[in-house]
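Here the structure comes first, spelled out in structure tokens, and everything after it is commentary.
The values are calculated or read from the model by the stated rules, or taken from the named source; none is laboratory data. Keep in mind that what you see is a predicted model, and the values were worked out from it rather than measured. Neighbour counts are summed over all protein chains in view; Cβ atoms, including those assigned to glycine, are modelled from backbone coordinates with ideal geometry. Accessible surface is based on the protein model in full, side chains and every heavy atom, while ligands, DNA and RNA are left aside. Shrake-Rupley method; radii C 1.70, N 1.55, O 1.52, S 1.80 Å.
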Amino acid sequence: MNVFRHDIVIVGGGGAGLRAAIEAAENHPNASIALVSKVYPMRSHTVSAEGGAAAVAREDDNLELHGFDTVKGSDFLGDQDCIVYFVEQAPKELALLENWGCPFSRNEDGSVATRAFGGMTTKRTWYAADKIGFHMLHALFQHSMRFPNIVRYDEYFVSKLLVDGGRCNGVAALDIRTGEYCTILGRAVILTTGGGGKIFPFTTNGTIKTADGMALAYRAGVPLKDMEFVQYHPTGLPGTGILITEATRGEGGYLKNNKGERFLVDYDYGVGKKAELGPRDMISRAIVQEIEAGRGFEGAYGAYVHLDLTHLGAEVINTKLPFVRELAKTYVGVDPITTPIPIRPVVHYMMGGVDTNIHGATTLPGLYAAGETACVSINGANRLGSNSLTECLVFGAAAARHAMSFSKDSAAPNEKALVAQCEEEAGRVANLRGRKKGGEKISAIRRELNNVMEACCGVYREQTSMQTGVIATAQLRGRVADLRLEDSSKVFNTELITAMELQNMVEVAETIAVSAAHRKESRGAHTCKDYKGRDDSNYLYHTMTHHDPAGPRLGKKDVVLGKWIPEERKY
């Protein structure tokens with residue numbers, strides 16, 4: 001078995017992972033940084049982000065306003081110390097990104113252009129037309145190639161964290177191209193693998209978003225935090241789930257029902273004043289209410305409403321929203337210059353994730369996490385659009401700084417013990433490959449998982465369905481251990497990778513269901529019909545799920561409050 005030795009190991013090659021690698025390499029030129037990704041970095045899901053990244057840039061804006069918008073957007077479940085740090089670092093990080101080549105759109109005077117986004121008091125979302133993720137990832141990836149001490153492991157699937165003496169000291173990774181396992185050692189590990197939207201059937205997330213990092217940390221004994229909070233984006237294309245960016249509403253788009261009405265102006269729980277620029281959780285609920293009241297349109301993939309951009313004109317759409325036009329024409333056959341786009345709410349982002357502190361450190365020494373796979377938490381019960389890309393930069397850099405500091409003060413890992421763990425993992429996976437004696441099909445369990453999660457953890461939730469989800473996900477966890485695999489080959493065995501991804505998704509799905517059933521209130525993205533109000537007296541805390549062979553074990557963690565006192569969340 002090959003053994004590779006580095007100072008730190010970063011798992012995940014998207015925005016957070018690349019930013020972490022650059023931070024470590026730039027400040028420690030003699031250190032060796034491993035960047036391990038199951039896909040080529042430019043295929044990471046960061047590339048699909050469309051709308052923009054948030055940071056204070058205008059004279060009518062300030063850090064306190066950005067901080068309060070984020071706290072309020074989180075429905076007061078975000079940790080305020082982390083939020084203050086985030087908004088302070090955000091302008092510096094986006095300025096760095098511009099220096100590295102990200103072509104942000106400009107105003108006529110040459111300053112960075114900003115657009116409005118939901119829940120934001122003013123225009124603070126920096127954008128590059130409607131392809132910010134593509135340009136951001138290109139800038140990061142190209143800049144990372146300047147550093148010879150970043151060693152990439154493209155198309156390696158990490159299936160286990162290697163822990164010895166109470167410290168995380170590396171990973172067991174399958175080389176997808178050869179089918180051989182290797183041990184990748186480091187004195188610290190950073191998880192930056194993104195979220196797990198594919199746990200749900202209708203999502204903006206790509207196929208690779210299977211909650212891998214969350215599952216790795218969870219199985220290693222690190223709690224997952226706030227897993228009940230799953231964000232639905234209001235505007236996804238029916239059938240495919242492809243995202244139509246919030247930038248459409250930031251540029252002045254309208255949501256309309258089958259009567260041609262801008263229905264959001266009539267909702268009395270806070271969206272009315274903001275209309276299309278309300279936060280995502282509130283607008284998603286309003287769309288569902290319109291559809292349930294019979295004011296939606298019926299289509300081949302269920303009910304939907306319209307996103308109308310026709311009044312913006314061809315110049316605005318072609319200049320600021322060209323990708324939206326391309327997506328609408330390609331996938332639903334409509335040209336938004338002349339025809340409204342059909343849309344419905346779609347799973348987009350996971351506010352919960354691996355529990356970390358402000359530095360990205362977990363409860364397991366040597367293990368860090370950043371980006372969507374982590375829960376620091378700045379997003380609380382609901383993330384404001386355009387905060388997430390900046391979060392990848394801010395906390396990717398923070399995690400790298402502290403991981404490097406930790407690695408300098410750490411003793412050399414016990415290589416023999418860690419290689420033995422990797423060999424054991426390689427044996428487990430070898431037994432899974434071509435395992436024809438199993439009784440369960442990957443496709444059947446994945447389909448059942450998707451259906452269960454949509455039924456129990458949708459835009460609106462009920463105690464009965466959530467309890468059903470708890471039972472069903474526990475059963476799926478038992479069944480996924482009995483998978484039948486047909487492909488016994490080693491080279492690019494995608495069936496094997498899919499099976500391991502499914503195991504990750506099932507485990508994480510169970511934490512979502514258990515956490516959701518536990519929270520008997522409505523807060524942010526967790527809207528429970530049985531408990532319609534927010535209950536700060538009993539539920540102003542982070543839900544913690546700990547791994548246990550019998551199923552997730554629940555705990556609590558205090559929310560870090562500060563100068564912003566919880567109040568009714570109205571817009």
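What to note about this one:
- Conditions (1) open to solvent by 10 Å² or more (accessible area, probe 1.4 Å); (2) within 19 Å of Val171 (Cβ to Cβ); (3) part of a helix (DSSP H, G or I): number failed by Ser405: (2)
- Residue, farthest from Thr183 (Cα to Cα), within the range 1-52, restricted to residues that are of a type in the set (Lys, Arg) and surrounded by fewer than 24 Cβ atoms within 10 Å (Cβ to Cβ): Arg43
- Checked against the criterion of being free of Cβ contacts under 8 Å to residues at least 24 places away in the same chain and assigned to a helix (DSSP H, G or I), the candidates Thr473, Thr464, Thr390 yield just one match: Thr464.
- From the list Ser515, Ser488, the lone residue that is open to solvent by 50 Å² or more (accessible area, probe 1.4 Å) and either of a type in the set (Lys, Arg) or in contact (Cβ under 8 Å) with a residue 24 or more places away in the chain (or both) is Ser488.
- Residue within the range 126-145 that is in a loop (DSSP other than H, G, I, E, B) and surrounded by fewer than 17 Cβ atoms within 10 Å (Cβ to Cβ) present: yes
- Residue among Leu364, Leu321, Leu309 that alone is touching a Gly at 6+ places or on another chain (Cβ under 9 Å) and over 30 Å from Gln289 (Cα atoms): Leu364
- Those residues of the range 408-443 which are among the aliphatic types (A, V, I, L, M), assigned to a helix (DSSP H, G or I) and more than 20 Å from Asn504 (Cα to Cα), in sequence order: Ala417, Leu418, Val419, Ala420
- Residue selected from the range 297-317 under the condition touching a residue at least 40 places away in the same chain (Cβ under 8 Å) and outside any strand (DSSP E or B), by the criterion least open to solvent (accessible area, probe 1.4 Å): Leu309
- Scope the range 318-333; condition assigned to a loop (DSSP other than H, G, I, E, B) and surrounded by 15 or more Cβ atoms within 10 Å (Cβ to Cβ); matching residues: Leu321, Val332
- Pairing each residue of the range 395-423 that is over 10 Å from Ala20 (Cα atoms) with any residue that is among the hydroxyl-bearing types (Ser, Thr, Tyr) and surrounded by 21 or more Cβ atoms within 10 Å (Cβ to Cβ), provided the two are 6+ apart or on different chains, yields C-beta distances under 7 Å for His402/Tyr368; Leu418/Thr183; Val419/Thr183; Cys422/Tyr181; Cys422/Thr183.
- Taken over the range 430-441, the criterion of being touching a helix residue (DSSP H, G or I) at 6+ places or on another chain (Cβ under 7 Å) and either more than 28 Å from Met227 (Cα to Cα) or buried (at least 20 other Cβ atoms within 10 Å of the Cβ) (or both) is satisfied by Leu432, Arg433, Gly438, Gly439.
- Whichever residue in the range 273-293 is farther than 19 Å from Val347 by Cα and touching a residue at least 24 places away in the same chain (Cβ under 8 Å) and, among such residues, is surrounded by the fewest Cβ atoms within 10 Å (Cβ to Cβ): Lys273
- In the range 1-82, counting only strands (runs of 3 or more DSSP E) that sit wholly within it, the ones holding 1 or more residues that are of a type in the set (Ser, Thr, Tyr) span 33-37.
- Failed item, numbered, when Ile208 is tested on (1) over 20 Å from Ile512 (Cα atoms); (2) out of contact with any strand residue (DSSP E or B) (no Cβ under 9 Å at 6 or more places or on another chain): (1)
- Check on Ala499, farther than 27 Å from Tyr232 by Cβ and either touching a Gly at 6+ places or on another chain (Cβ under 7 Å) or surrounded by fewer than 14 Cβ atoms within 10 Å (Cβ to Cβ) (or both): no
- No other residue among Glu423, Glu448, Glu454, Glu415 is more than 24 Å from the chain's Cα centre (by Cα), within 22 Å of Asp212 (Cα to Cα) and surrounded by fewer than 23 Cβ atoms within 10 Å (Cβ to Cβ) apart from Glu423.
- Identity of the residue in the range 191-249, of a type in the set (D, E, K, R) and modelled with pLDDT of 95 or more, that ends up surrounded by the fewest Cβ atoms within 10 Å (Cβ to Cβ): Arg219
- Pick from the range 76-101, criterion of a type in the set (A, V, I, L, M) and within 20 Å of the chain's Cα centre (by Cα), ranking: farthest from Gly562 (Cα to Cα): Leu94
Residue-wise test of (1) over 20 Å from Ala128 (Cβ atoms); (2) touching a Phe, Trp or Tyr at 6+ places or on another chain (Cβ under 8 Å); (3) outside any strand (DSSP E or B).
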residue: Ala215; (1), (2), (3): yes, no, yes
residue: Val222; (1), (2), (3): yes, no, yes
residue: His233; (1), (2), (3): no, yes, no
residue: Leu255; (1), (2), (3): yes, yes, no
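- In the range 58-74, the residues that are in contact with a Lys or Arg (Cβ under 8 Å, 6 or more places away or on another chain), closer than 18 Å to Asp536 by Cβ and open to solvent by less than 10 Å² (accessible area, probe 1.4 Å): Gly73, Ser74
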